[in-house]
């Protein structure tokens, strides 16, 4: 035993390109700097290296993975390697014939996002007319025999619609419904004032989801991911840094999470220059927050340190300026007041003013709806 | 509900895979996976939509040389748990 555990999941961020401009996109604000995408051959090699390391799950995501024209080839190789392959998509742009090719190539699951339950609201959040097309894609997914995961990112504007989202998922025949509250990183952080819900809103939505979970047991899996701004306990981000997941950025950086390359002072290697296994085992970036030696108090002596691993390093950095701080989401963090202040501000409803995802990164647009 | 007469199969979203790192079978489904003990793997490998629960119990009792009632209790409990989690279905 080298002491480093095996990874189970490779999150392949095939591209940061996307026709949608969602206001809570998890891609980094400077995603435009990572436009030199890996070619097909490199991705195929990475899939083989990942499987060899112990990876059994492959998430094909982005950006919008459909904008890559080599998805069919990657899916076929993943199937040959017996990886469980999940396509995480907005459904745009997609033709039914192409989806049928994914099926033939061995894709296991399709996850389609909808932003809300009406075209007007969904399209406003996505910054693109896309809702009707998404519903059509969901129907194709089921017709072609795929399991369907419907995903909705929750926030102040749609949390009161959870019952309708459940009904939509049932109508579409979804096998899984992922109600994932916004994580306030990436584009969601500058949009936090417009997105963070109130505690009452969240409690109501959680109850609706719990009722749906009981009613649909065995038929549709209903997941509700509570935002860590309201749990007073940090989330077990990525199940611990460098412990289970490898995220590969479109330009080939192997990362412990989607946003690790936004942390200053850490070095991450590219699969263009190094085998994935070497990076997993030896990279200083992967090692930086692995296990417990990096932990400050109160984490270091906390009985939950093996449960939440100190929370989210990116959240710690983006809120406190120190990536090695205890996640402020934790009530024991000396910076927890930052979270409490954000909650209080959420209680004073303000008109939503969204910053849409864009290459410029700073173009705030006022909503006219 | 899973009964002795149910013909059971894996849900569409679930797939068995042998894991050479742990020398165990895994049941994989979106974003998750279960590492199976040998008995669980024996049961799930027989969930082919053809066999009934009854016949799976019969086969395993013979294979393990165990009393049938004990095997039946274990298999039924396991399959009902898996069905509740949406990983196993009774074929209509």
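What follows is calculated from the coordinates using simple rules that are stated; it is not laboratory data. Everything numeric in this text was worked out from a predicted model, so none of it was measured.
Summary value for chain A: 19 percent relative contact order, contacts being C-alpha pairs under 8 angstrom separated by 6+ residues. Dividing the radius of gyration of the alpha carbons in the range A:81-177 by their Kirkwood radius gives 0.98 for Rg/Rh. Relative contact order of chain B: 40 percent, from C-alpha pairs under 8 Å at least 6 residues apart in sequence. Cα centroids of the range A:83-144 and the range B:74-92: 29 Å apart.
Report, as a whole number in µm² per second, the diffusion coefficient that Stokes-Einstein gives for the range A:40-140 at 10 °C and 1.306 mPa s using the Kirkwood radius over alpha carbon pairs. Using the Kirkwood radius from Cα pairs, D works out to 111 µm²/s. Note on the range A:221-369: Cα-Cα pairs beyond 28 Å make up 31% of the total pair count. Building the convex hull from the alpha-carbon atoms of the protein assembly as shown and averaging its projection over directions returns 22.3 nm².
Both the radius of gyration and Dmax for chain B are 12.6, 37 Å, in that order, over alpha-carbon atoms. Put simply, the C-alpha atoms of the range A:297-353 give a gyration tensor, and the ellipsoid matching it has half-axes of 25, 12, 9 Å, longest first.
State the percent of C-alpha pairs, over all pairs in the range A:243-322, separated by a distance greater than 21 angstrom. Of all Cα-Cα pairs in the range A:243-322, 30 percent lie more than 21 Å apart. Stick to Cα atoms and the Kirkwood definition of Rh, then tell me Rg/Rh for the range A:127-222. Rg/Rh: 0.99. Applying 0.36 nm per residue to the separation of residue A:273 and residue A:350 and subtracting their alpha-carbon distance, the gain on full extension is 22.9 nm. Distance from the alpha carbon centroid of the range B:1-56 to that of the range A:183-246 works out to 29 angstrom.
For the range A:11-158, the relative contact order comes to 24 percent (Cα pairs under 8 Å, sequence separation of at least 6).
Note on the range A:142-277: Cα convex hull, mean projected area over all directions, 11.1 nm².
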